[in-house]
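Encoded as structure tokens, the structure appears first; notes follow it.
The values are calculated or read from the model by the stated rules, or taken from the named source; none is laboratory data. Source: prediction; values computed, not measured. Ideal geometry is used to build each Cβ from the backbone, glycine not excepted, and the neighbour counts take in all protein chains shown. The accessibility values were calculated without ligands, DNA or RNA, using every heavy atom of the protein model including side chains. Shrake-Rupley method; radii C 1.70, N 1.55, O 1.52, S 1.80 Å.
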Amino acid sequence: MEQVKDMLLRIADVLIQKEDELGEIDRQIGDGDHGAGMATGARAIQKELEELEITSVNQVFQKSGTAMMESMGGASGVLFSSLFLALGKIGPEASETDVASFSEGVRQAVNDIKIRGRASLGDKTMLDALEPASAALTEYKNATFVEALAAAKSAAQQGVEKTKCYVAKFGRAKFLGERSLGYQDAGATSIAIMMDEMYQFVREEFK
């Protein structure tokens, strides 16, 4: 649970560092506020976890998800918080987790986001990175965290690249129609960043 806390703090730090980059990606076809929103959620995670007396892995994920949801507001807060909230609901309260449980949590997050956001694969949203990452984690659920997250981060990045070939169906970008082609989705990019940082963290922890 201490490692999970450190991992989420690392993710939060990187999201803050990439605020301008994510904002610029969003500005190309959207309203440009994605980077600021993610940074706001990340700072809320930092504040929550730095003050938290940890009791379980589940608690770390749940508190992080709640911090994002309450700080970001709107649809974005609900959807991105779904990832951590789902991870926090898997299995009994415990001091550690494994790849199978983590994989199941991400799979549940994909289902939750589909229901809440009414989006599907190919709609140029965060799901275009998260769903492939989830599939990779499921495939590697009996492997090590390093192997599973290596596959997940690669799948997420490939998903980001594919969003350049999709017409946006949500947000401001949907009004551009085919003019949204050629641009990557900011939400999918944020998911890819998260998966990459998770991989970098476990690779360093378990080398």
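Things worth noting here:
- Cβ separations smaller than 7 Å between residues 6+ apart or across chains give the following pairs from region 162-185 residues that are among the hydrophobic types (A, V, I, L, M, F, W, C) to residues that are surrounded by fewer than 13 Cβ atoms within 10 Å (Cβ to Cβ) and assigned to a helix (DSSP H, G or I): V167/G177; V167/E178.
- Among the numbered conditions (1) open to solvent by 50 Å² or more (accessible area, probe 1.4 Å); (2) under 20 Å from F206 (Cβ atoms), the only one that A75 does not meet is (2).
- Number of positions in region 148-169 that are over 18 Å from A192 (Cβ atoms) and open to solvent by 70 Å² or more (accessible area, probe 1.4 Å): 1
- Count of residues meeting criterion [of a type in the set (D, E) and not in a helix (DSSP H, G or I)] in region 106-145: 1
- Residues of region 78-105 that turn out to be hydroxyl-bearing (S, T, Y) and part of a helix (DSSP H, G or I), as a count: 4
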